[in-house]
Amino acid sequence: MDTAALEERFQARIDADERIEPKDWMPDGYRRALIRQMAQHAHSEIVGMLPEGNWITRAPTLKRKAILMAKVQDEGGHGAYLYGATETLGVTRAALIEELLAGSAKYSSIFNYPTPTWADIGAIGWLVDGAAIMNQIPLCRCSYGPYARAMVRICKEESFHQRQGYDIMLALARGTEAQRRMAQGALDRWWWPALMMFGPPDAESKHSAQSMRWKVKRFTNDELRERFIEFTVPQAEYLGLSIPQGTIDWNEFHEVLRGNGPCNRERLEARRRAHQNGGWVREAALAYAEKHRSGYREAVQ
Amino acid sequence: MSTRGDSGNHGAFVLRLADSNLVLAQRLGEWIGHAPALEEDLGLANTALDLLGQARLLLTYAGALEGRGRDEDALAYLREEGEYLNCALAEQPNGDFGDTLARQFLFDAWQLPLYERLASSRDPQLAAIAARGVKEARYHLRYSSGWVVRLGDGTAESHGRVQGSLERLWPYTAELFDADDIDRAMQVAGIGVDLGAVRVDWEQTVAAVLAEATLARPGDRPWHWYGKRGEHGEHLGHMLAQMQALQRAHPGARW
Amino acid sequence: MTESRDWPLYEVFIRARGGLDHKHVGSLHAVDARMAIEHARDLYTRRQEGISIWVVRSEEIVASDPADADAFFEPARDKVYRHPTFYDIPDEVKTL
């Protein structure tokens, strides 16, 4: 079969809502688009551990500390699921991580914003995870099997993330004057970046149309953004907080993506440091395993 | 300390267990997001969550024994350094991954036989917490001893590093077995355990794992630390300053 | 930065409850079987998802080729007589 016929048959499978599996024939463009999107998603989970990790040691109660640890741990797990799913497309995790550390891979720009107060942890759960869930639920039905399956697991696990964030905001909103100010400040900081998480306006989104056709994306950026606003505004009203007035500054979005956000440098440096400091550990474990290569059973028992 | 009544001893004994778990969980929490491999972020977080869970149960119980209405957070966030009764081993800084895993291994090898015995304590609440803790401690020991072996018997660099970690941490292990008045009173009351017997198990585990790891057992040192009496070095104060910052800055606020 | 060697890839299978098969849940990286089992426990059973774990080196899995799918799986399509619904049995005949 020639490529045109293969592509036609491939698109017919997608249109019939069939799932594509790792060893199936797929157009190069589809493979590349998936690798780009899934790796970006995996990187976002890993970099996303940092702004919240910033508060693990300072969480104001032991219950909040346990919840936050579990949540940041989940994000690491989600990164691992997604790297694993991406590896089914013929790339290695090591190569993807090298790209991230070299600064040549993208991740969600939201994680380049700082978390100066405890309320930022509430706002991240409520707004950032809320926006992420809205983006992610349609991906549970995306055309690539391993990605869809990873997303099912991730969405199931993330269902508590948004609620715990809102729960933090509730406690602050019902708290002292200083706590309410803290909550409003965090909403003001995270509102616009959260809206930017849905990506550029449809008119400017360069990958959207093809991604929709391949069903690796199922709603447009603007559709999801509007739905998010519709859900979130009454939630803010319930907290007695005001949604910032104005419009999205797309210039800021592009600057942050280009590496000029408030914490881009810190985030990448933290990842590089962890990778470099862990080099001797990863090498030692490999060296040990090579010395003691004795099959499965003996090693387990 | 020896002037406390038996109920004071009981409370202090439970607080020692609670604080060691809390302080070590706090240290492990610093790692999340910075581990050598993604899978280790997950593993360290699991251990941290287990220890934090045990700390919360034990603190709540210590508060009840004290009878002054202090809950887990009052005890965790509003006590000063000198009132913290954790073993000094737990508060040692994370250092590199080898330091952290060596610290964890020395701790787990102590906590497991301790909990195994506490599970038949005459204090039913403590026995129940310990029985749950045994399962967790057994996994922690599996995880940490696996890493001590890999690093010890890995590369020349990893061998040298983790041998150094053991040398640095060794002086902090003495107090784990050095029974004082509180330990003895609790043992006599059937609430506590025979630390000498715990030591025998600990020595066996340590000898077996270090042999497999091709590491040498460091020599014992004359200076003994007594974190469990509230006598700490310079690290705990910094940890608490960070951990307690919000509660201290907003007295009485609810979170 | 030097290109570091990653740990080998393992596939993970979890038995959710007694009576169920082990089911593929994903992959992870580990240096040996012991580490793979531990990582699988830490990564894939944080919410009581399983009671038993299998791991296998990804490179050890032998899979059928999608290109063979027609030759492998189509021939079974017309063997309708293998299925119980193929047979018309009068309603009066019970327990068959």
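The values are calculated or read from the model by the stated rules, or taken from the named source; none is laboratory data. Predicted, not measured: the structure shown is a model, and the values here were computed from it. Here the Cβ positions follow ideal geometry from the backbone for every residue, glycine too, while neighbour counts run over all protein chains shown.
Report yes if some residue within the stretch C:15-22 is touching a Pro at 6+ places or on another chain (Cβ under 8 Å) and surrounded by 10 or more Cβ atoms within 10 Å (Cβ to Cβ); otherwise report no. So that I can check it myself, show each step before the final result.
As a first pass, look at the stretch C:15-22 and keep what is touching a Pro at 6+ places or on another chain (Cβ under 8 Å): none.
No, there is no match, as no residue in the stretch C:15-22 is touching a Pro at 6+ places or on another chain (Cβ under 8 Å) and surrounded by 10 or more Cβ atoms within 10 Å (Cβ to Cβ).
For the stretch B:200-230, which residues satisfy the criterion of being of a type in the set (Asp, Glu) and modelled with pLDDT of 95 or more?
We begin by selecting, within the stretch B:200-230, every residue of a type in the set (Asp, Glu); these are B:201, B:203, B:212, B:220.
B:Asp201, B:Glu203, B:Glu212, listed by residue number.
Need pairs with beta-carbon distance below 6 Å; first residue without any contact (Cβ under 8 Å) to a residue 24 or more places away in the chain and within the stretch A:88-115, second among the aromatic types (Phe, Trp, Tyr) and assigned to a helix (DSSP H, G or I); sequence gap 6+ or separate chains.
That search, which allows pairs on different chains as well, returns A:Arg93/A:Tyr83.
Quickly run through the stretch B:4-58 and pick out the residues that are in contact (Cβ under 8 Å) with a residue 40 or more places away in the chain, of a type in the set (Val, Ile, Thr) and in a loop (DSSP other than H, G, I, E, B).
Answer for the stretch B:4-58, where residues must be in contact (Cβ under 8 Å) with a residue 40 or more places away in the chain, of a type in the set (Val, Ile, Thr) and in a loop (DSSP other than H, G, I, E, B): there is none.
Between C:Lys79, C:Lys23, which is out of contact with any strand residue (DSSP E or B) (no Cβ under 9 Å at 6 or more places or on another chain) and among the charged types (D, E, K, R)? Write out each step before concluding.
Values: C:Lys23 fails: out of contact with any strand residue (DSSP E or B) (no Cβ under 9 Å at 6 or more places or on another chain).
When all the criteria are applied, what remains is C:Lys79.
Which one of these is within 18 Å of B:Ala130 (Cα to Cα), within 11 Å of chain A (Cβ to nearest Cβ) and out of contact with any His (no Cβ under 9 Å at 6 or more places or on another chain): B:Leu49, B:Leu44? Reasoning before the result, please.
Numbers: B:Leu44 fails: within 18 Å of B:Ala130 (Cα to Cα).
The conditions single out B:Leu49.
If you take just the helices (runs of 4 or more DSSP H) that sit entirely in the stretch A:234-293, which of them hold at least 2 residues that are within 23 Å of the chain's Cα centre (by Cα) and surrounded by 15 or more Cβ atoms within 10 Å (Cβ to Cβ)?
On the way: elements: A:250-255, A:264-277, A:279-291.
Per the criteria, A:250-255, A:264-277.
Mind listing whichever residues of the stretch B:68-89 are in a helix (DSSP H, G or I) and facing another protein chain (nearest Cβ under 10 Å)?
So the first thing to find is which residues in the stretch B:68-89 are in a helix (DSSP H, G or I), and the list is B:72-77, B:81-83, B:88-89.
Hits for the stretch B:68-89 are B:Glu72, B:Asp73, B:Leu75, B:Ala76, B:Tyr77.
Could we say that B:Tyr143 is more than 15 Å from B:Phe97 (Cβ to Cβ), in a helix (DSSP H, G or I) and aromatic (Phe, Trp, Tyr) here?
Values: more than 15 Å from B:Phe97 (Cβ to Cβ): no; in a helix (DSSP H, G or I): yes; aromatic (Phe, Trp, Tyr): yes.
The answer is no for B:Tyr143.
Table: residues versus (1) more than 14 Å from chain B (Cβ to nearest Cβ); (2) under 27 Å from A:Asp17 (Cα atoms).
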| site | (1), (2) |
| --- | --- |
| A:Asp129 | yes, no |
| A:Ile137 | yes, yes |
| A:Ser159 | yes, yes |
| A:Asp167 | no, no |
| A:Gly175 | no, no |
| A:Arg180 | no, no |
| A:Gly185 | yes, no |
| A:Pro193 | yes, no |
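Here is a yes/no grid of residues against (1) loosely packed, with under 10 Cβ neighbours inside 10 Å; (2) free of Cβ contacts under 8 Å to residues at least 12 places away in the same chain; (3) in a loop (DSSP other than H, G, I, E, B):
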{"residue": "C:Arg5", "(1), (2), (3)": "no, yes, yes"}
{"residue": "C:Glu11", "(1), (2), (3)": "no, no, no"}
{"residue": "C:Asp42", "(1), (2), (3)": "no, yes, no"}
{"residue": "C:Gln48", "(1), (2), (3)": "yes, yes, yes"}
{"residue": "C:Trp54", "(1), (2), (3)": "no, no, no"}
{"residue": "C:Ala69", "(1), (2), (3)": "no, yes, no"}
{"residue": "C:Tyr81", "(1), (2), (3)": "yes, yes, no"}
{"residue": "C:Leu96", "(1), (2), (3)": "yes, yes, yes"}
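In the stretch B:166-211, which residues are crowded, with 16+ Cβ neighbours inside 10 Å and acidic (Asp, Glu)? Show your work before the answer.
Keep residues of the stretch B:166-211 that are crowded, with 16+ Cβ neighbours inside 10 Å, which gives B:166, B:169-177, B:179, B:182-183, B:185-187, B:191-193, B:195, B:198-199, B:201-202, B:205-206, B:209-210.
Answer for the stretch B:166-211, where residues must be crowded, with 16+ Cβ neighbours inside 10 Å and acidic (Asp, Glu): B:Glu175, B:Asp183, B:Asp201.
Here's the yes/no breakdown for (1) more than 20 Å from the chain's Cα centre (by Cα); (2) within 27 Å of A:Ile20 (Cα to Cα); (3) hydroxyl-bearing (Ser, Thr, Tyr); (4) more than 11 Å from chain A (Cβ to nearest Cβ):
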residue: C:Phe13; (1), (2), (3), (4): no, yes, no, yes
residue: C:Val25; (1), (2), (3), (4): no, yes, no, no
residue: C:Leu28; (1), (2), (3), (4): no, yes, no, no
residue: C:Val31; (1), (2), (3), (4): yes, no, no, no
residue: C:Leu43; (1), (2), (3), (4): no, yes, no, no
residue: C:Trp54; (1), (2), (3), (4): no, yes, no, no
residue: C:Glu60; (1), (2), (3), (4): no, yes, no, no
residue: C:Asp65; (1), (2), (3), (4): no, yes, no, no
residue: C:Asp70; (1), (2), (3), (4): yes, yes, no, yes
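If I filter the stretch B:85-96 for residues that are under 17 Å from the mean Cα position of the chain (by Cα), farther than 27 Å from B:Gly164 by Cβ and crowded, with 24+ Cβ neighbours inside 10 Å, do I get at least one hit? Walk me through it before giving the result.
Taking the stretch B:85-96 and keeping what is under 17 Å from the mean Cα position of the chain (by Cα), we get B:85-95.
Checking the rest, the ones that are also farther than 27 Å from B:Gly164 by Cβ come to B:85.
Then drop every residue that is not crowded, with 24+ Cβ neighbours inside 10 Å, which leaves B:85.
Yes.
How about the stretch B:90-105: which of its residues are in contact with a Gly (Cβ under 7 Å, 6 or more places away or on another chain) and away from chain A (no Cβ under 11 Å)? If you could, list the steps in order and put the result at the bottom.
Keep residues of the stretch B:90-105 that are in contact with a Gly (Cβ under 7 Å, 6 or more places away or on another chain), which gives B:91, B:97.
B:Glu91 - this is the single residue of the stretch B:90-105 that is in contact with a Gly (Cβ under 7 Å, 6 or more places away or on another chain) and away from chain A (no Cβ under 11 Å).
Can you name the residue in the stretch A:57-91 that is buried (at least 22 other Cβ atoms within 10 Å of the Cβ) and more than 9 Å from chain B (Cβ to nearest Cβ) and, of all such residues, is nearest to A:Lys156 (Cα to Cα)?
Applying the filter and picking the extreme gives A:His78.
Considering only the stretch A:173-201, how many residues are small (Gly, Ala, Ser) and assigned to a loop (DSSP other than H, G, I, E, B)? Steps first, please.
Going through the stretch A:173-201, the residues small (Gly, Ala, Ser) turn out to be A:173, A:175, A:178, A:183, A:185-186, A:194, A:199.
When the remaining residues are screened for being assigned to a loop (DSSP other than H, G, I, E, B), the result is A:175, A:199.
Summing the residues that are small (Gly, Ala, Ser) and assigned to a loop (DSSP other than H, G, I, E, B) in the stretch A:173-201 gives 2.
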